[in-house]
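See structure below.
The values are calculated or read from the model by the stated rules, or taken from the named source; none is laboratory data. Please read all numbers here as calculations on a predicted model, not as lab measurements. Ideal geometry is used to build each Cβ from the backbone, glycine not excepted, and the neighbour counts take in all protein chains shown.
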2 protein chains.
Amino acid sequence: MQSDETRSFRELCREHGIAMTHQRQVLYETMKTMHGHPSPEEVYARVKRKVPAISLATVYKNIHLFVESGVFRKMSMHHGSVRVEMNGEAHHHMVCSRCREITDIAEEDLGLTGRRGSLPGGFRVERYAVDVIGICAKCQSATGS
Amino acid sequence: MQSDETRSFRELCREHGIAMTHQRQVLYETMKTMHGHPSPEEVYARVKRKVPAISLATVYKNIHLFVESGVFRKMSMHHGSVRVEMNGEAHHHMVCSRCREITDIAEEDLGLTGRRGSLPGGFRVERYAVDVIGICAKCQSATGS
DNA sequence: TAGCGGACGATAATAATTATCCTTTACAAT
DNA sequence: ATTGTAAAGGATAATTATTATCGTCCGCTA
């Protein structure tokens with residue numbers, strides 16, 4: 001007997017040309033429930049609850065695999081470590097230069113219009129990653145500045 | 001006797017409230033001559049030619065000090081290590097997702113229009129940091145893809 | 001279901017950065 | 001100019017994040 005989740009994950013793996021394993025499935029489903037920009041260590045801690053014997057190396061290897069095969073997106077990092085993007089919508093980031101907190105902002109709320117097509121030097125554009133650097137509301141009220 | 005450079009660096013230090021040392025002066029003047037986004041190791045290698053006894057730790061400590069006190073700007077990193085921005089003009093970055101090379105692009109060449117003022121959540125905007133993710137010309141011709 | 005290549009787990013190794021600790025220097029007050 | 005003190009430098013140990021290695025085991029195709 002095979003659950004719906006397992007069946008669809010098996011298909012997802014096939015689409016992306018990777019083998020389906022128990023660890024990968026738990027990893028994938030755990031990550032899907034996480035919000036924000038989890039670090040490998042945070043993912044590891046969560047997955048360990050379901051698969052206690054899992055190795056941190058496996059978490060790293062599969063996060064990379066997911067990113068390379070396009071299952072998840074790696075975000076441009078302002079944290080000190082690799083982070084994965086759990087928000088599937090087109091969006092960008094507001095980075096507080098004081099407390100380093102990173103908040104998502106929807107692309108339409110940003111009101112940015114970029115030139116599509118090609119850029120100087122024959123660079124082929126895949127996507128834009130915009131970081132808005134500034135001061136978040138919390139830090140503004142904290143110091144009054 | 002004191003050279004003009006030394007005199008002005010002494011002033012710079014005073015303005016930023018930091019002590020003036022020989023190592024700091026050489027570090028500062030060396031970095032000013034470097035282009036692109038040098039890594040601490042690269043800066044270290046260069047400075048070593050002038051001050052062979054300098055320690056890598058000193059380079060790190062002072063790069064941080066320069067960034068914190070506003071002498072130089074830290075760039076959002078897509079390299080694996082901390083980089084300092086040596087281009088004073090308003091510009092953004094094109095990041096090759098294949099070879100990781102980062103090239104500057106002038107703000108006007110990017111042709112983006114941003115909404116100034118405040119964003120959702122009361123976030124006060126200081127500046128935008130745009131990374132254009134894509135494939136550079138070299139990697140395009142290398143694989144033909 | 002057999003066989004093989006890839007995946008897993010444990011852990012060593014590496015890279016980047018930071019902390020420690022002792023010596024030396026810069027700077028302000030004398 | 002002299003000196004006291006806090007900060008800076010140098011050497012290196014420690015830490016953190018990540019990757020490589022390697023023997024064993026499992027998923028997938030024939």
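Would you pick out the residues in segment A:79-94 that are out of contact with any helix residue (DSSP H, G or I) (no Cβ under 8 Å at 6 or more places or on another chain) and either within 16 Å of DNA strand D (Cβ to nearest atom) or facing chain B (nearest Cβ under 10 Å) (or both)?
A:HIS79, A:GLY80, A:ARG83, A:GLU85, A:HIS93
Within segment B:95-106, is even one residue hydroxyl-bearing (Ser, Thr, Tyr), under 30 Å from A:HIS64 (Cα atoms) and within 11 Å of DNA strand C (Cβ to nearest atom)?
No, every residue in segment B:95-106 fails to be hydroxyl-bearing (Ser, Thr, Tyr), under 30 Å from A:HIS64 (Cα atoms) and within 11 Å of DNA strand C (Cβ to nearest atom).
Given the criteria of a type in the set (Gly, Ala, Ser) and closer than 30 Å to B:GLY70 by Cβ, does A:GLY70 qualify?
Spelling it out, it is not the case that A:GLY70 is of a type in the set (Gly, Ala, Ser) and closer than 30 Å to B:GLY70 by Cβ.
Okay, residues lined up against (1) in a helix (DSSP H, G or I); (2) under 14 Å from B:ILE63 (Cα atoms); (3) at pLDDT 95 or above:
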site: B:GLU11; (1), (2), (3): yes, no, no
site: B:GLU15; (1), (2), (3): yes, no, no
site: B:ARG24; (1), (2), (3): yes, yes, yes
site: B:LEU27; (1), (2), (3): yes, yes, yes
site: B:THR30; (1), (2), (3): yes, yes, yes
site: B:HIS35; (1), (2), (3): no, no, no
site: B:PRO38; (1), (2), (3): no, yes, no
site: B:TYR44; (1), (2), (3): yes, yes, yes
site: B:LYS48; (1), (2), (3): yes, no, yes
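So, in segment A:24-44, of the ones that are away from DNA strand C (no atom under 14 Å from the Cβ) and more than 20 Å from A:SER69 (Cα to Cα), which residue ends up farthest from the other protein chains (Cβ to nearest Cβ)?
The extreme case among them is A:GLU42.
Could you tell me whether A:PHE66 is more than 14 Å from every other protein chain (Cβ to nearest Cβ), within 16 Å of DNA strand C (Cβ to nearest atom) and either within 23 Å of B:SER81 (Cβ to Cβ) or touching an Asp or Glu at 6+ places or on another chain (Cβ under 8 Å) (or both)?
Taking the combined requirement at face value, the residue does not satisfy it.
Provide a single number: the residues in segment A:45-59 that are surrounded by 12 or more Cβ atoms within 10 Å (Cβ to Cβ), more than 11 Å from A:VAL26 (Cβ to Cβ) and near DNA strand C (Cβ under 8 Å from one of its atoms).
Counting residues in segment A:45-59 that are surrounded by 12 or more Cβ atoms within 10 Å (Cβ to Cβ), more than 11 Å from A:VAL26 (Cβ to Cβ) and near DNA strand C (Cβ under 8 Å from one of its atoms) gives 2.
In contact with a Leu (Cβ under 6 Å, 6 or more places away or on another chain) and among the hydroxyl-bearing types (Ser, Thr, Tyr): which single residue out of A:TYR44, A:TYR60 fits that description?
After applying the criteria, what remains is A:TYR44.
Got a sec? Which of A:ARG73, A:ARG98, A:ARG127 is more than 7 Å from chain B (Cβ to nearest Cβ), surrounded by 12 or more Cβ atoms within 10 Å (Cβ to Cβ) and at pLDDT 75 or above?
A:ARG73
Would you mention how many residues in segment B:11-65 are in contact (Cβ under 8 Å) with a residue 40 or more places away in the chain and small (Gly, Ala, Ser)?
3
If a residue must be away from DNA strand D (no atom under 14 Å from the Cβ) and β-branched (Val, Ile, Thr), how many such residues does segment B:1-59 contain?
Residues meeting the conditions: 2.
Do we have B:VAL82 as surrounded by 14 or more Cβ atoms within 10 Å (Cβ to Cβ), within 11 Å of DNA strand C (Cβ to nearest atom) and in a loop (DSSP other than H, G, I, E, B) here?
Spelling it out, B:VAL82 is indeed surrounded by 14 or more Cβ atoms within 10 Å (Cβ to Cβ), within 11 Å of DNA strand C (Cβ to nearest atom) and in a loop (DSSP other than H, G, I, E, B).
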